[in-house]
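The values are calculated or read from the model by the stated rules, or taken from the named source; none is laboratory data. As the structure is a prediction and not an experimental result, all values here were calculated from the model. Neighbour counts are summed over all protein chains in view; Cβ atoms, including those assigned to glycine, are modelled from backbone coordinates with ideal geometry. Side chains are part of the model used for accessible areas, which takes the heavy atoms of the whole protein and leaves out ligands, DNA and RNA. Shrake-Rupley method; radii C 1.70, N 1.55, O 1.52, S 1.80 Å.
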Amino acid sequence: MPNFLIEFFYVLALSKKTQWALILGVVLHFAITLLGEHMVANFELQGSMKALEEVFANKFLRKYDKIALFTLASFWVLAIKFYIKDKKRLGQ
C-alpha cells in the first residue's frame, strides 16, 4: 500500500473531530432527506389547486435535497479542515 494511504488512514484513525464531521455529515444528510419526504408525503391541496399539488411537492423535495446536499458538503469541508490540522499536528 502506498505511503500516502497509510498516512491518510493513520491520521483519520487518530482524528476524532474528522471522524465525527464525516459521520454527522452523512447522518444529517439522510435525516434531512427523510424529513423532507415525510413532510411532503402528507402534502395535500384542496379545490382548484389540486392540480398543482404534485408540482409543489416536487419543488419542496428539491429544496430539502439542496439543504441536505449543502449540509453534507459543509461537513465534508469541515472534516477536511480538521484532517489538515491534525495531519500537521501529528507530523511534528
Open item on the list: Just checking my list (i) -0.77, -1.10; (ii) -0.80, -1.26; (iii) -0.81, -0.99 against log10 I(q)/I(0) by the Debye sum over Cα atoms at q = 0.18, 0.22 Å⁻¹ computed from this structure; which label fits?
Closed with: (iii)
Open item on the list: Lysine pairs in the chain with Cα distance under 26 Å, only those 8 or more apart or on different chains: how many are there?
Closed with: 13
TODO: Tell me the chymotrypsin sites (Phe, Trp or Tyr not before Pro) within the range 23-92 that lie in a loop according to DSSP and have at most 15 other beta-carbon atoms within 10 Å.
DONE: Phe43
TODO: Report, in debye and to the nearest 20, how large the dipole of the chain comes out about its Cα centre when Lys and Arg carry +1 and Asp and Glu carry -1 on their Cβ.
DONE: 600 debye
Task: Within-14-Å neighbourhood charge of Leu69 [Cβ basis; K, R +1; D, E -1] - done: +2
Open item on the list: Give the residue list of GluC sites (Glu not before Pro) in the range 20-92 that are DSSP loop and have at most 12 other beta-carbon atoms within 10 angstrom.
Closed with: Glu44
Task: Accessible solvent surface per residue of the chain, calculated while the other protein chains remain in place, 1.4 angstrom probe, Å² - done: 78 Å²
